[in-house]
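Below is one structure, written out as structure tokens; the observations come after it.
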Amino acid sequence: MKKNDNLEKIRFNILSANKVQSLDKAEKGESLEKGYALMKEAGNALFKKIKEKIQKDKTAQGIVYVFVGAGNNGGDGLVVARLLLEQKIPVCVYGMKPSSELKNEAGLAFKDFEKAGGTYELFSEIKMPDLKNATLIVDALLGLGFEGILRPNYQKLVDYLNQSGVPIYSVDCPTIPLQANYTMLMGFARNEIYTEKESVYYGTWEVAPLSYSHKNVEFFSENVYGLIDAEMWRLLPKRNEWGDKRIQGTALIVAGSRGMLGAASLCAKAALRSGIGLLSLAVPASLLPELSVKLDEPVLLPYEDFGSGHLVAENIQEIKNFLKHQKALAIGPGISRHVGIAEVVTSFVSQVSVPMVLDADALNAFEKKLEALKHHSEEVIITPHEREWERLFGALPNSIEKRDQELREKAKEYNFVIILKGGVSCIAFPDGEIYRVGSPNSGMAKGGSGDVLTGILVALLAQGCSAKEASLLGTWLHSEAGKSARNRLGAFSMLPSDVIQELPNVFLKLEKNF
């Protein structure tokens with residue numbers, strides 16, 4: 001797989017909680033001062049966010065309430081409180097433990113808070129704080145790694161804060177089941193924010209970079225990454241302003257069958273909106289008149305189907321001839337699961353000598369024929385959703401870490417890129433890297449959305465992107481266009497065709513930085 005030097009610039013690390021804790025321990029070593037320096041960085045990052053909110057919201061003239069535990073999470077909260085005091089912003093701190101029990105970095109944070117004139121009130125569940133004048137709540141109660149059931153006093157406070165109606169900003173991670181409006185993740189993103197069970201508590205979130213040593217970050221990295229939106233322009237394929245349509249990329253899509261021509265149409269339209277110069281679409285000859293009405297731009301290549309309305313064995317050589325002048329191939333959307341198609345697809349794919357995308361029924365064709373998936377000479381991207389994955393490889397583990405490991409193993413064994421589609425798509429590469437791309441959007445959970453993604457991917461491959469570049473950029477573009485469609489039309493009414501209509505706006509934003 002081709003190396004891309006831009007990858008370091010477009011991604012951020014995602015770590016599990018235990019790795020973050022191990023990294024913190026390694027950074028601090030025996031130095032309390034080093035640990036406190038990191039704590040001050042963390043507190044300062046959240047303070048700036050809070051100050052920015054207060055300055056923008058002219059009605060936010062009340063008190064910031066900071067609730068702190070006895071550990072380092074509480075220390076971060078005390079740093080925030082001190083900085084607020086120094087800026088003359090009203091702040092009230094409630095601690096879950098007596099100040100005498102604040103040790104190490106949290107103890108240093110308390111001393112500096114006290115020097116700044118701060119007062120620390122011990123929380124009592126008997127008399128809850130009056131939050132009538134609150135403009136914001138800072139949750140610095142329990143940090144990373146807490147598991148189990150909250151103690152009764154914590155649970156009572158969390159319930160009270162959830163019912164307060166006051167915006168809640170959490171330090172590093174919410175004290176679940178506290179429902180934060182915003183969470184500032186310190187240093188790194190966490191696996192938890194990409195899970196359905198826990199992500200709902202985080203609200204919107206950002207990562208505050210901390211000055212960890214590059215050596216330690218590399219050592220503890222789990223090769224799991226997210227993408228930096230503002231840097232995605234770096235993956236755009238370079239365009240030749242003097243080049244003709246073939247210079248801008250050529251591709252063949254094999255898609256559609258009787259009753260499923262919409263899949264072929266959506267895939268083709270998405271590819272055409274994604275920069276390709278010349279797109280060819282191979283379709284059953286008996287369905288050509290119907291598809292001709294739906295599409296103007298692609299070159300339609302009818303193959304003889306003897307009136308069946310789907311692929312037949314005699315099509316292999318004919319489609320291979322179509323491929324002679326193509327730089328990429330996509331096969332699968334809407335080709336159906338008629339008897340005999342699996343044999344056609346598995347045989348054809350092993351003879352392809354251009355980068356390709358396998359989607360939908362092309363993947364289903366390999367059910368119980370997994371060895372045939374290894375027979376490819378060029379880069380391959382497969383795009384299963386969870387049910388398609390299960391048909392091929394069996395049920396996925398529930399644990400996000402174990403799921404990552406299974407995807408890694410399969411990507412390496414079969415030497416292909418896996419885009420496991422979902423609320424957050426997970427992309428696995430043969431080199432062991434995992435990327436989490438996109439955000440949950442129920443408006444995308446509609447038939448045809450995957451066909452749109454396949455069209456984007458094949459267009460990017462045709463323009464010279466590697467499989468890694470195409471899968472990352474293509475999945476990101478698909479997600480961003482989906483967000484735009486939802487913002488315009490709502491989750492109930494948006495359609496996959498609306499996602500295609502939003503692609504120009506997403507590309508245009510990237511081009512402005514290109």
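None of the figures in this text is laboratory data; all of them are computed from the coordinates on show. It should be emphasised that the depicted structure is a prediction, and the values quoted were computed from it without experimental measurement. Ideal geometry is used to build each Cβ from the backbone, glycine not excepted, and the neighbour counts take in all protein chains shown.
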Using eta = 0.692 mPa s and T = 37 °C, Stokes-Einstein with Kirkwood Rh from Cα pairs puts D for the range 17-221, in µm² s⁻¹, at 193 µm²/s
Restricting things to Cα coordinates, could you compute the convex hull volume per residue of the range 1-113 in Å³?
157 Å³
When the charge dipole of the range 371-485 is computed with +1 on Lys and Arg Cβ and -1 on Asp and Glu Cβ about the Cα centre, the Cα farthest towards its positive end, among W389, S442, G422, belongs to S442
Ranked highest first by average number of other Cβ atoms within 10 Å, how do 197-206, 176-185, 108-117 line up?
176-185, 108-117, 197-206
To the nearest 20 debye, the range 352-447 has a Cα-centred charge dipole, built from +1 on Lys and Arg Cβ and -1 on Asp and Glu Cβ, of 240 debye
Averaging 1/r across every pair of distinct alpha carbons in the chain and inverting yields a Kirkwood hydrodynamic radius, in angstrom, of 25.2 Å
Tell me, I319, I253, I335 in order of fewest to most beta-carbon neighbours within 10 Å?
I319, I335, I253
Cα-based reach from K111 at 16 Å (exclusive), listing lysines while leaving out same-chain residues under 8 positions away
K40, K97, K103
Give the cross-link partners of K49 among the aspartates and glutamates, using a straight C-alpha distance below 17 Å as the criterion and excluding same-chain residues fewer than 8 apart.
E41, D57, D76, E86, D139, D172, E206
The range 242-511: Kirkwood hydrodynamic radius (Cα pairs, Å) comes out at 18.4 Å
With a cut-off of at most 13 other beta carbons within 10 Å, and DSSP calling the residue loop, which chymotrypsin sites (Phe, Trp or Tyr not before Pro) in the range 316-424 qualify? Please list them.
none
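Filter the cross-link list K28/K88; K88/K132; K56/K509 down to pairs whose alpha-carbon distance in this structure exceeds 30 Å.
With Cα atoms farther than 30 Å apart: K28/K88.
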Test of the criteria: in the range 229-314, which chymotrypsin sites (Phe, Trp or Tyr not before Pro) are in a DSSP loop and have at most 16 other Cβ atoms within 10 angstrom of their Cβ?
W242, F306
Just to be sure I understand the model, the point goes 7 Å from the Cα along the line to the Cβ. What's the resulting A37 to N398 distance in nm?
4.4 nm
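Report, in cubic angstrom per residue, the convex hull volume of the C-alpha atoms of the range 307-416.
98 Å³
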Using unit Cβ charges (K, R positive; D, E negative) and no other charged atoms, how large, in debye to the nearest 20, is the dipole of the chain about its Cα centre?
840 debye
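Given the -39500 (n - 2.57) contribution per DSSP H run of 4+ residues, what per-residue ellipticity at 222 nm results for the chain, rounded to the nearest 500 deg cm²/dmol?
Using -39500 (n - 2.57) per qualifying helix, the result is -12500 deg cm²/dmol.
Could you pull out the trypsin sites (Lys or Arg not before Pro) across the range 229-312 that fall in loop regions by DSSP (anything but H, G, I, E, B) with no more than 16 other Cβ atoms inside 10 Å? Please list the in-between numbers first.
On the way: sites: R234, K238, R239, K245, R246, R258, K269, R273, K294; in loops: K238, R239, K245, R246, R258, R273.
Loop-located and lightly packed - K238, R239, K245, R246.
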